[in-house]
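Read the structure below first, then the notes.
The values are calculated or read from the model by the stated rules, or taken from the named source; none is laboratory data. For clarity, every value in this text was computed on a predicted model and none was experimentally measured. Note: ideal-geometry Cβ built from the backbone for every residue, glycine included; neighbour counts use all protein chains shown. The area values use the complete protein model at the heavy-atom level, side chains included, leaving out ligands, DNA and RNA. Shrake-Rupley method; radii C 1.70, N 1.55, O 1.52, S 1.80 Å.
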Amino acid sequence: MITFLQNYGGQLLLKTWQHLYISAFSLFLGVIVAVPIGILLTRAKPIANTVMAIASMLQTIPAMALLALMIPFFGIGAIPAIVALFIYSLLPILRNTYLGMKDVEPALIDAAKGMGLTNWQSIIKVEVPMAAPVIMAGIRLSATYVIAWAALASYIGAGGLGDFIFNGLNLYRTDLILGGSIPVIILALIVDWLLGKLEAAVTPKTTQS
Amino acid sequence: MFLTMEHLNKTYPGGKVAVEDFNLEIEKGEFVCFIGTSGSGKTTTMRMINRMLSQTSGTIKLNGEDISQIDPVKLRRQIGYVIQNIGLMPHMTIRDNITLVPRLLKWSQDKMNERAKEMIKLVELPEDYLDRYPSQLSGGQQQRIGVVRALAANQDLVLMDEPFGALDPITREALQDLVKDLQERLGKTFVFVTHDMDEALKLSTRIVVMDGGDIIQVDTPDGILRHPANEFVENLIGKDRLIQARPSITTVGQVMLKNPIATTPGKSLTVALRQMHDKRVDSLLVTDEAGILKGVIGIEDVDYNFNSATSVGDIMKRDIFYVQSSSLIRDTVERILKRGLKNIPVVDENHRLVGIVTRATLVDIVYDALWGDEDEDEASNNIHHGEDDAPAEGGEQ
Ligand SMILES: Nc1ncnc2c1ncn2[C@@H]1O[C@H](COP(=O)(O)OP(=O)(O)O)[C@@H](O)[C@H]1O
Ligand SMILES: [Mg+2]
């Protein structure tokens, strides 16, 4: 362990940073695309099922295949990896946003509309705050997926902790395999914990502190 | 006219006709209840008023202005709206809930704070509740907030759809008092959907009875009780309530015995005494030739004065208690019962004697009103008929 850190400490930091960067970027894209679409779908229910079906289908493409598919379009490196992971992050966020919004008590939306809130005001002031915990749960789930699958991104030259794991597999070096996978697990746990904090923060208060 | 609905029709997509040729005019300050069985179109009609639904045809005018020409969001901000499920925003404090519409209307923070305090005072809740969240209030308190929230932006018209249906009876009654008070004191106009006839009778200035998308009857609570338009309305009111309402809608003339036994002032005491004997009564009402009630003589007066007086007019009591045939039982029963009189003469508007009411008849009415008539069968054998028959057989006139 000590020797591993002595030998690879610098690299470990770099790879962890790459890993985090790829994951965070994909997740960020996933959030800014999937949340608005999920919200819009509640205003266009007839097409909601179709959109959801497409997102589910994307989710079923094997991760390796999706990454490989990126190469003809984006070459190799971080960008194709980010695009592929972004596609993976979409479904959980999209589904939770849509369901969370759809599950807001209709009486509340009716009351909001009846009092004279515009559609937009109803979304911003009522529906999104009420759906926030569910949306956040979707984002947390996506974050965990993305961090785990980002390890595969090394396969198309995106770097990240996957480099250790693949090297270890090629060289039959357990220390490299563990040195790559343990940080991935720790990273996933920390990010999940942080997003959990964020989830609590965005969950609207319904009682006095 | 404050609110006018003309030839309103609503057919839902799929062909369900929910409202058919609905016509109604509502004046400012009225409290109008829509009542009817479930599915009769009450909610549909109400929701067309704030454009939560659009009518298939017909027009609605608010203050003379066709509401289809008003921006729906603007329209809704000037109409209060309260629904059964309360609809308070759980993630907003009571203050923010109350000032929701004022905030949309961009009131200043000071004005909103002031209004929030005013409103919480109106419903008699402590001011520090303003910083609580809805979940920290009881259901009744929440709906109080729901009611004043609908008034916070000075809305003149408030729509309420079965707002108190989910509350326990005591809380419900307190809230009914609150809205009635707001209507009477602040001059707000209410359109109120209910399926509870007691609620409608208590609150309304006018009741609109609906069935299958049609208006069956529009009338005051008294009018509905007095003249239910048909059997449907009668059933909606219920037999018990009709009986209970009897004293307030029945006139003395409807329950009096006609053809009372009477004599005239010119008759001799001998003739009067014979009449009492023949009819087996102990007193006679006295009228003039035109039938105008003049007084009464009792058998004891005849007995005492038989040798000194000659005619009925000499000894009759002129100062007697009587009631108008057009007056309501409700308004007279107490006076009659308090005096302990057995029979009371009834006169028409020209003071002509037209009948008598017996104490026994009143007892029946009071009994029914207080106890209903579920147990009429047993009770009537013991009490009712026994007394009912008394004046007819023996009488004491
Ligand atoms: N969105 C809708 N689509 C189709 N039919 C409806 C809809 N809403 C109500 N209805 C029908 O219209 C009729 C009147 O409904 P409603 O106005 O809600 O009655 P009420 O409030 O008197 O119970 C009912 O038969 C109901 O089933
Ligand atoms: Mg209804």
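Among all the aspartates and glutamates, which ones have a C-alpha under 14 Å from B:LYS279's C-alpha, if same-chain residues fewer than 8 places away are not counted?
Candidates past the 8-residue exclusion: B:GLU393, B:GLU396.
My understanding is that a pair violates if its Cα-Cα distance is over 18 Å; which of B:LYS267/B:LYS294; A:LYS45/B:LYS42; A:LYS125/B:LYS106 do that in this structure?
Check vs 18 Å cut-off fails for A:LYS45/B:LYS42.
Give the interface area between chains B and A as buried accessible surface, both sides summed, probe 1.4 Å, in Å² to the nearest 100. List each step's numbers first, then the result.
Values: alone 19670 and 11640 Å², together 29220 Å².
Result for this pair: about 2100 Å² buried.
Compare the Cα positions of A:LEU117, A:THR207, A:PRO106 along the charge dipole of chain A (+1 at Cβ of Lys, Arg; -1 at Cβ of Asp, Glu; about the Cα centre) and return the one farthest towards the positive end.
So the residue furthest toward the plus end is A:LEU117.
Can you tell me the FRET efficiency between A:ILE182 and A:ARG43 if r is taken as the Cβ-Cβ distance and R0 is 35 Å, rounded to the nearest 0.05?
Calculated transfer efficiency: 0.20.
Helix-only mean residue ellipticity at 222 nm, chain B, DSSP H runs n ≥ 4 weighted -39,500 (n - 2.57), per residue, nearest 500. What is it?
Roughly -11000 deg cm²/dmol at 222 nm, from the helical runs in chain B.
Would you list, by chain and number, the aspartates and glutamates whose Cα falls below 18 Å from the Cα of A:LYS15, excluding same-chain residues fewer than 8 positions away?
A:ASP163, A:ASP175
With the full set of protein chains in place, find how many percent of the accessible area of the range A:159-201 is carbon and sulfur; take the probe as 1.4 Å.
73
In chain B, which longest range has no trypsin sites (Lys or Arg not before Pro) that are both DSSP loop (not H, G, I, E or B) and surrounded by at most 12 other Cβ atoms within 10 Å?
Counting at most 12 other Cβ atoms within 10 Å as exposed, the longest clean stretch of chain B is B:107-279.
Give the relative contact order (percent, whole number) for the range B:193-291; include only Cα pairs under 8 Å separated by 6+ residues.
16
Quickly work out the B:HIS195-to-B:ALA229 label distance, labels modelled 7 Å from Cα along the C-beta direction, and quote it in nm with one decimal.
Roughly 2.0 nm, to one decimal.
Compute the relative contact order of chain B as a whole-number percentage, counting only Cα pairs closer than 8 Å that sit 6 or more residues apart in sequence. Write out the running numbers ahead of the final one.
Numbers: 694 pairs, mean separation 60.1, N = 397.
So the answer I get is 15 percent.
Take A:LEU171, project a point 7 Å from its Cα along the Cβ direction, then tell me which residues of the range A:1-41 have their backbone nitrogen under 18 Å from it.
Under cut-off, by backbone N: A:1-16.
Within chain B, what whole-number % of the accessible surface is contributed by carbon and sulfur, with the 1.4 Å probe and all protein chains included in the calculation? Before the final figure, lay out the partial values.
Working: 8580 of 18670 Å².
Accessible surface attributable to carbon and sulfur in chain B totals 46 percent.
Residue farthest toward the positive end of the dipole of the range B:133-266, with Cβ of Lys/Arg at +1 and Asp/Glu at -1: which of B:PRO134, B:ILE249, B:VAL179?
B:ILE249
Roughly how many nanometres apart are two label points built 7 Å out from the Cα toward the Cβ at A:THR206 and A:MET1?
4.4
What is the Cα centroid distance between the range B:239-313 and the range B:109-129, reported in whole angstrom?
For the range B:239-313 versus the range B:109-129, the Cα centre distance is 65 Å.
Using Cα atoms only, what is the angle between the long axis of helix B:109-122 and the major principal axis of chain B, expressed in degrees (0 to 90) to the nearest 10?
Helix B:109-122 sits roughly 30 degrees off the main axis of chain B.
Anything over 30 Å Cα to Cα? Flag those among B:LYS28/B:LYS121; B:LYS117/B:LYS180; B:LYS61/B:LYS121, in the order listed.
Over 30 Å apart, Cα to Cα: B:LYS61/B:LYS121.
Under 10 Å, Cα contacts only: if you run a Gaussian network model on chain B, which one of B:ILE224, B:ILE297, B:ILE215 comes out with the highest mean-square fluctuation?
B:ILE297
Which whole-number value in Å² is the accessible area per residue of chain A, probe 1.4 Å?
Details: 10550 Å² over 209 residues.
On a per-residue basis, 50 Å².
Whole number in Å², please: accessible area per residue of chain B, 1.4 Å probe, ligands, DNA and RNA not counted.
The answer is 47 Å² per residue.
Just to confirm the filter: which chymotrypsin sites (Phe, Trp or Tyr not before Pro) across the range A:83-144 are DSSP coil and have at most 16 other Cβ within 10 angstrom of their Cβ?
Sites meeting the loop and neighbour criteria: none at all.
Considering only protein heavy atoms and a probe of 1.4 Å, how much of the accessible area of the range A:1-114 is carbon and sulfur, as a whole percent?
So the carbon and sulfur contribution to the accessible surface is 75 percent.
Calculate the FRET efficiency for B:THR270 and B:GLU349 from the Cβ-Cβ distance with a Förster distance of 41 Å, rounded to the nearest 0.05.
0.75
With heavy atoms of protein chains only and a 1.4 Å probe, what residues of the range B:119-135 have at least 40 Å² less accessible area in the full set of chains than alone?
SASA drop of 40 Å² or more in the range B:119-135: B:TYR133.
Based on alpha-carbon centroids, what's the gap between the range B:318-332 and the range B:51-97 in Å, whole number please?
Here the two parts' Cα centres lie 50 Å apart.
Could you tell me which helices of chain A pass both thresholds, a Cα extent of 18 Å or more along their own axis and a mean Kyte-Doolittle hydropathy of at least 0.0, with helices taken as whole DSSP H runs?
Flagged H segments are A:2-41, A:45-60, A:78-102, A:128-149, A:174-202.
Whole Å is fine, so just give me how far the alpha carbon centre of the range B:23-41 lies from that of the range B:133-166.
19
What FRET efficiency would be calculated for the residue pair B:LYS338, B:ASP21, taking the C-beta separation as r and a Förster radius of 60 Å, to the nearest 0.05?
Using R0 = 60 Å, I get an efficiency of 0.70.
Taking a ≥ b ≥ c as the square roots of the Cα gyration tensor eigenvalues, with a/c under 1.5 meaning rounded and otherwise prolate when a/b beats b/c, else oblate, which class fits the range B:3-248?
oblate
Using a 1.4 angstrom probe on protein heavy atoms only, which residues from the range A:70-113 are buried by at least 50 Å² of accessible area when all chains are present rather than their own chain alone?
A:LEU108, A:ASP110, A:LYS113
Run down the aspartates and glutamates and flag those whose C-alpha is under 15 Å from the C-alpha of B:LYS202, throwing out any fewer than 8 positions away in its chain.
Output for B:LYS202: B:GLU30, B:GLU162, B:GLU173, B:ASP177, B:ASP181, B:GLU184, B:ASP219, B:ASP222.
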